[in-house]
1. So if I take the centroid of the Cα atoms in the stretch B:569-595 and the same for the stretch B:476-509, what is the distance between those two points in Å?
2. Quantify how strongly other chains surround peptide A:356-362 by giving the mean number of their Cβ atoms within 10 Å of each of its Cβ atoms.
3. Could you compute the net charge surrounding residue A:436? Neighbours are other residues with a C-beta less than 12 Å from the C-beta of residue A:436; K and R count +1, D and E count -1.
4. Report relative contact order for chain B in percent, whole number only (criteria: Cα-Cα under 8 Å, sequence separation at least 6).
5. I need the calculated FRET efficiency for the pair residue A:421 and residue B:68, taking r as the beta carbon distance and R₀ as 30 Å, to the nearest 0.05.
6. Considering only C-alpha atoms, what is the centroid distance from the stretch A:505-553 to the stretch A:227-286, in Å?
7. Starting with the highest mean, order A:342-353, A:126-137 by the number of other Cβ atoms within 10 Å, averaged over the residues of each peptide.
8. Amide H of residue B:35 versus every other amide H placed in the peptide plane: which residues, excluding those fewer than 5 positions away on the same chain, fall under 5 Å?
Amino acid sequence: MRFLRLFALVVSASFASPPPARAEEANSLSFVNDVAPILTKAGCNSGACHAKAGSGQNGFRLSLFGFEPQEDFEHIVKEGRGRRIFPAAPERSLLLLKATNATPHGGGKKIDTGSDSYKIVARWIAQGMVYSPGDAPSIASLEVAPARGTLAMKAQQQLKVTARYSDGSTRDVTRLALFEANDKNMAEASETGLVKISDIPGNVAVMIRYQGMVSTYNASIPLGAPVENLPKSRNFVDDLVFGNLKRLGIPPSEVCDDSTFLRRASIDIAGHPPTFEETRAFLADASPNKREALVESLLSSPGYADYFANKWAALLRNKRLDKGTPASFAFHSWLRDGLLANRPYDTMVRELLAATGAAVSNPPVAWYNQVKTPEQQLEDVAQLFMGVRMNCAQCHHHPFERWSQQDYYGLSAFFSQIGRRPTAIAGQSVIFHKRGVAVAENKKTKASVKPAGLGSPSFEIPPDDDPRLVLADWMSAKTNPFFAKSLVNRYWKHFFNRGLVEPEDDIRDTNPPSNPELLDALSKHFTESNFDLKAVVRVLANSAAYQLAAAPNSYNAADRQNFSHYYPKRLNAEVLLDAVDQLTGASTDFADLPAGTRAIALPDNSYNKSSYFLSVFGRPEGDSVCECERIQSSNLSQSLHLMNAAEVKTKLSKTEGRAARLAKATDDSGNLHELYNAALCRAPKEPELQTALAYLAKPRTDAQGKALDPALARKAAYEDLLWAVINTKEFLFNH
Amino acid sequence: MLRPNLTAALLGAALLLPSGPAGAQLVILPAPRLLTMMPMGAQAGATLEVTIVGENIDEDPQLVFSSSKITAQPKMDAAGAVVKNQFVLKVAGDAPAGLVEARLMTRLGISSARCFTVGTLPEITRQKPNTSLETALPLASNSVCNAFTTSKSVDFYSFTASKGQRLLMDCATTGIDSRLTPVLIVTDAQGRDLLAERRTGFIDFNAPTDGKYFLKVHGLTYQGGQEHFYRLALTEIQKDKPVTRQASTLGVGSASLPTVDPTLTPWINEIEPNNSAAQAQKITLPCAIRGAFATAGDVDTYEFEAKKGEVWWVETVSSRLGLPTDPFVLVQKVTKSPKGETLTDVAELNDITSPVKLSSNGYAYDGVPYDVGSPDALGKFEVKEDGVYRLQIRDLFGGTRSDAGNIYQLLLRKASPDFSLVAWAMHMELRNGDRANLSKPIALRGGATMAFDVVALRKDGFDGDIELGVDNLPPGVTTTGLRIPAGKSQGTLLVTAAENAPRGVSIARVFGRAKINGTDTQRNCPTASMAWPVKDHTNEVPAPRLIADVPVSVGGSELAPLTITAGDQPVWEAAAGSKLKIPLKLLWRGDFSGGPVKLKPLGADFAALPAFDVPSKAASSELVIDLAVLKTQTGDYVLALHGGVVSKYSYNPGAVKTVEVQQQEADKKAAEAAAELQKLVDSVKTVPAEKAAETEAAAKAAAERMKAAEAAKTEAAKRMKTVTDTAAPKDIVDIVVSEAIHIRVKPAEAK
């Protein structure tokens, strides 16, 4: 009886006059526009809870961040015979009971009883759970006000988020939007959209998400210090870097001295510190453009080709597959020869993408023997050559970006016509284009997807044409927004130790560059040079911005983003091993390679196994397309290895090595001069000289206490001095 | 067991026994192999010395060539003794340029082959190491250098060029049986890399300035050693002349190269541009087109008219010329309408697949080890309606490659049924984990039968029987061919040496005969072999190639471990549907290990015959053929049985006796020398003063002689140990094939 009365109430309620209309309420609440955002804000549909891959949480499954409202509606309203909602008494709906923790809920209390969110959900249930009324508009865009601003340190800014709908109406959705700053050290955004700035100057962005749309708030936090005495601008890079610093009020450090520049540029461009002779010549050279001349000579040295081939080989997964297969050597050589000949970047990418044949006769094919499925291929290509991480979009709309599954499969379609045939060598296939129409299947909708570049219309590719060539053409078109940008950002990070977009392969609207004009200018410069890689290195290395000292001044120590001073970085594993060899006059023997081969010239990852030095200093295995696989952090094992390893001792004590040779020469002062110049590109300072001379003069005894033969003692002393220098930060770091 | 009439003095070991992984059983009885020759080429008209390295070749083999224009004599030292492994070659002035097979005739028979190039340019052999800039070997223009790389090293050559001069640097390696994958790098005078080539072994160099340049040669993975030899040719060439490379061997797939009479077929040249439909080159069929995949992604389009009912065959010749291409042919019908044109697919022609199952997983021998197919296309298309048709040809490997040297011939013809054949010594997995791919020269032991797989590539719908045969065999050697029946692609050849066959060698001719369109046609059958004896194919990639000729030899020094014959009758008759029992006679020589020998049939006609075991050392057995189960039709057949047998094999025990005699001689001489010295030493004390100096001098001389004699004694002892060790019996498993068994199936008896 009571039930019937309740039912009558509901029926009569639906015939009653509608409640007074407010700006946010339509006659009928829509699941899509009104309820789904509440679930997203409350965190119900996060990847950790009910949007968990598989079957959600405890039998209740929602789509990630509400990207599939149709599915969510079915699960909430229809699943389990509608046990989750109770229109006759909405407040008794399981949905609300759980959300308010009135019934035991693993997620705890997500909304308060009586809150606006609660009332909207309850009314929606009472109205009969409409998915989307016929005339309900769909969301068209998301705006944030203000969109950008200059804030003082410790300041606050409340953001207002407005959703614009297809019928022109707007709604303030600040309460329900999600906020996240891209650098939590610089700013924090609260749940209600209040942005709190901390005390680091620079540029920070807050990403705002609502109902599948994203928007960004860009804040500039000036230091406000006086910026006078800027170094002389040498090219457009300086104009834009210093322009940014002036705007932010962060005075840059001075330009570094010749010793510092010599060592820094040699390591960054050619992968090895300069020799003693090169140091002496450079420091003695008085010509005004010697720094530019140095950059040119480094670019034409084989070290440049070796060092950058080493960088790209790891990213292109050049792993040793098997004994007896020279594919990894051939691939590395293809990279190195191409860099030496300065072949245009787009040509090399084209040859890689559209590679056909067998690996030894066409080395880029080796990439396809490592990256075997279309999913792996498109993810690698997107991250490496476009700076876009597509991995998430395989299964659902990318949470932080505008890419959908449709975009994902549109890219994968380019790789759908790759034919493989086995060869006599295990694990090596012959690659060719299989005749057929390039198409992929969207795993979600089961619909077929034609090949399409990101954000571009799809292509109709005839069955005889290799779709990978079409992709290569699209990527290297001068108007492509990703190709050039991702390369210059990557190379910027190589030289400046932090990308303009950071991480360097995560370019997205919600992760804006710290200096957008600079990034655009560099991309344009690269494209107009016809993708000349040496031109990129030239413009970066010749800029005054690259040549700033590492020592901060009294203002810019906190700046980690705007390049007001040089950010030091530890030498790479290969560079460090070569530097130790070069300093001590020793060499490392590598299997299958001629004596004297440098570590930066190693063709593949297999040498990590045989060289503890390389693996402990983080040389990557080539398992990932991310440069972060190379471990640049410091740890105790590294220190111990440099201090104690037999390998290092053997190098120090090599007969006819540097220690032995210096010990034979009697001019200690001159010897120390050579030692410091060879190791650190500078002369020893007076206190350093005195300490070292005193050390050399000390008498030495052996383990039994007998006085050591003077010749042996001298050699041991020089070995010790070399050892000490090798273990200094100044040697281990590029600064 | 040695033949008593052997004339060669057997001095003992200069040999290598095939050694499998330690502890594992050895496979394949020793066969002689020529491994390297340095130099591996010469200018026509030259006289030169070569050094060889071989396997199982013993002392003083003869060096023989497949061309009579080259003769070789063993090198003699000043004392008139033979210098081991060195020969003096004379190349006739009119020897044609190209490749020639070099082999050794040894105690065991004829060895495997090595390429020898007869060239037109003067040649040098690298003598001193040239592994640094300072020790670079100067290379004169228009000359060839023979050398081999050193492991983990680079070979340096220097040359001078003038600005604008065009020089070709061609490094022949895999094409002449070398294991080297070469890298060529041209550097400037300071040794800085200018140009690197790692794929083709060939650089077409235009000198940017006058001056000195260096050329670096090394292996792709810095491999080195005598087996990584190369011939480096430096030639000057005019600007627009086409490039010709040094001669090279052909892969197994090239056996199916068509013989196209240039006078009969109309030849057309490709006319670019012809990439798009609008630019299609108009042709009439039949014709033969010469074209090239010159630019990256090149598509060549040809248009022609055809009538309903026509059947046209298409064959591409490109990859089989040794080029790194993979031609793909697409034939479409063009229907023009006011709106544009519609294309309907008619045929897609891809690779020539192997007509028989290939060995999987590398060389597991669950199929044949050599691929008779190739990336070239061969197929037909049927014209269903009158109209205009378009044919597109492209290189599937050429999407990003521009090379004017990647030429093709496109043959369009009416059906011209034909076949090509390739033969090779049968391979079989002989034990668990057998990963050997050894070359198998036809060096027969007395009483042995060797089986050869013969694979036919049928063309243009030819489907008849193919009879196999061999001509010009040495005395004592007979052959039986097991035919390739209609519809099948594999047959067998048996080559048998009688137990008392004398030592000898001759160049045989293998052929196949069939009736094509009523005409008897005979086709030559080349053989394929491994360029290198690969002991473990998981570590090295086997390199098969076609061999120019087929020498068949009998060593005359050893007998086969097991001979299986079928009773006394020449032909075994039985009625269809009955059980045919054939007594088998087995002659076992020597000692054996392992259990019974499992015998299986050879030949398509009796493939379903079940295997059966023969106990070790059994003198006889019985082959039972149930014609009812096999459903064999009336007719004449040939059958053979094969299996694996493990014999206790002793390598060259005769050498032991000979060296023993020598050792005794040496011991005697040493003892005599010692005695003489002692006598002189004693006499020094007793002799008068004026004779003292003379005697002392004599004593010194005697001491020297004794030292030499002692050295010779140690040498002889060492040699004795070596021959004894190598002659120690070892278990070796090898294939045993019965002699041919001829069977006649008569009509079933009337009941």
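1. Computed from Cα coordinates, the inter-centre distance equals 19 Å.
2. Neighbouring Cβ atoms belonging to other protein chains average 6 per residue here.
3. Taking every Cβ under 12 Å from that of residue A:436, the sum is -3.
4. Reported relative contact order: 11 percent.
5. Calculated transfer efficiency: 0.10.
6. Centre-to-centre distance over Cα atoms comes out at 15 Å.
7. So the order, starting with the most tightly packed, is A:342-353, A:126-137.
8. Result for residue B:35 returns B:53, B:54, B:55.
None of the figures in this text is laboratory data; all of them are computed from the coordinates on show. Keep in mind that this is a model prediction, so the values were computed, not measured. Cβ coordinates were reconstructed from backbone atoms using ideal geometry, including for glycine residues, and neighbour counts include every protein chain displayed.
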